[in-house]
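All remarks here apply to the structure that follows.
The values are calculated or read from the model by the stated rules, or taken from the named source; none is laboratory data. Keep in mind it's a predicted model, so treat the numbers as computed, not measured. For neighbour counting, all protein chains shown are included, and Cβ atoms are generated from backbone atoms with ideal geometry for every residue, glycine included.
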Amino acid sequence: MSDHQEQSHPSLASVRKFWEENVCGEHYIGNEVPGTPQYFDRVTKERYRWHYHLPPFLDEVARHRGRVLEIGCGMGIDATELARRGVELTAIDLTEAGISLARKNFARLDLEADLLQGNAEELDFATSTFDAVYSFGVLHHTSSTEQAISEVHRVLKPGGTAYLMLYSKHSLNHWVHQALGKGYETSKDPEDDAPVSRCYSKRDLGRLLQSFSSVHLRKRYLFGAGYRPLAYLVPSQLNDLVGRVLGWHWLVVAVKSR
Ligand SMILES: C[S@@+](CC[C@H](N)C(=O)[O-])C[C@H]1O[C@@H](n2cnc3c(N)ncnc32)[C@H](O)[C@@H]1O
């Protein structure tokens, strides 16, 4: 990603168009028919095999009592995991494609949540509505990440907590992608990549999240999605250890003041 891309603010229409055509998670699987039980089962299995750090993060979110909002749920794999853990969930996504798949996934598992099409930058909820907000790999892809963070802060109740995953600038994955000139979100031509994928240093996140009274940061996930054969050869303990320094995923826990 060039500095230009880091700073650009693509239109929301171009962000939506990309994610309507590239539903997150489909890259894990081959030729399963979208929306079938086999399709959801395969995406779910591959997702948590690959994102080893995600189930404990979902456990942290699920420990919250009260209402939780997921922003950018895509086809709703994490949303179903939160609902399974007993969370009272509202989940939104910018795309019709993501929400309609998420509804199918919830229906087949007989789980419940409010699943709505919506925009992170203009949340259709009153101030101080949610006890927690969860958003994994979303806010760095929207037109204005600052505006989306300000909305997350607004809809949280005083003392509420945001659980976010944002991309890390000082990471193996970022350096490799920069060196090779490859896009982050598609194996197709880099020109066909997501309109924006911002990456953050610790200092950048301090600035971005300054409205919160406390911010806790962890790095995880050494290898991005394109390294599968190599990553499976690296012992998981080593993967985790190095990922804590050079990982691609910042796991953010940010608390709104009381
Ligand atoms: C990389 S995918 C992540 C999806 C899901 N969280 C996951 O981890 O599989 C990014 C998602 O963010 C959604 N998104 C991007 N900008 C958004 C916005 N402004 N409001 C709501 N959703 C947005 C996209 O539609 C897409 O589903």
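Structure notes:
- Test: Gly74 is part of a loop (DSSP other than H, G, I, E, B), within 11 Å of the ligand (Cβ to nearest atom) and not β-branched (Val, Ile, Thr): yes
- Taken over the range 117-149, the criterion of being more than 10 Å from the ligand (Cβ to nearest atom) and either outside any loop (DSSP other than H, G, I, E, B) or of a type in the set (Phe, Trp, Tyr) (or both) is satisfied by Phe125, Phe130, Asp131, Ala132, Val133, Glu146, Ile149.
- Qualifying residue in the range 151-164 (condition: within 19 Å of Trp250 (Cβ to Cβ), polar (S, T, N, Q) and away from the ligand (no atom under 14 Å from the Cβ)): yes
- Within this structure, Ala179 fails the test of being of a type in the set (Gly, Ala, Ser), touching a residue at least 24 places away in the same chain (Cβ under 8 Å) and not in a loop (DSSP other than H, G, I, E, B).
Residues checked against (1) in contact (Cβ under 8 Å) with a residue 24 or more places away in the chain; (2) of a type outside the set (Lys, Arg); (3) crowded, with 18+ Cβ neighbours inside 10 Å; (4) within 30 Å of Arg16 (Cα to Cα):
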| site | (1), (2), (3), (4) |
| --- | --- |
| Trp175 | no, yes, no, yes |
| Cys199 | yes, yes, yes, yes |
| Gln210 | no, yes, no, yes |
| Leu230 | no, yes, no, no |
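- The range 16-66 - residue that is touching a Leu at 6+ places or on another chain (Cβ under 7 Å) and at pLDDT 95 or above and, of those, farthest from the ligand (Cβ to nearest atom): Ala62
- Considering Val61, Val87, Val15, Val68, the condition of being out of contact with any strand residue (DSSP E or B) (no Cβ under 6 Å at 6 or more places or on another chain) and aliphatic (A, V, I, L, M) is satisfied by Val15 alone.
- Options Leu111, Leu139, Leu89, Leu164: the member that is touching a Ser or Thr at 6+ places or on another chain (Cβ under 6 Å), of a type in the set (A, V, I, L, M), without any contact (Cβ under 8 Å) to a residue 40 or more places away in the chain and crowded, with 16+ Cβ neighbours inside 10 Å: Leu111
- Condition met for Leu101 (within 21 Å of Phe130 (Cα to Cα) and either at pLDDT 95 or above or not charged (D, E, K, R) (or both)): no
- Filter result (surrounded by fewer than 14 Cβ atoms within 10 Å (Cβ to Cβ) and assigned to a loop (DSSP other than H, G, I, E, B)) within the range 16-41: Gly30, Asn31, Val33, Thr36
- As a summary of the residue check, Tyr184 satisfies the conditions (1) over 21 Å from Leu58 (Cα atoms); (2) within 12 Å of the ligand (Cβ to nearest atom); (3) part of a strand (DSSP E or B) except for the one numbered (3).
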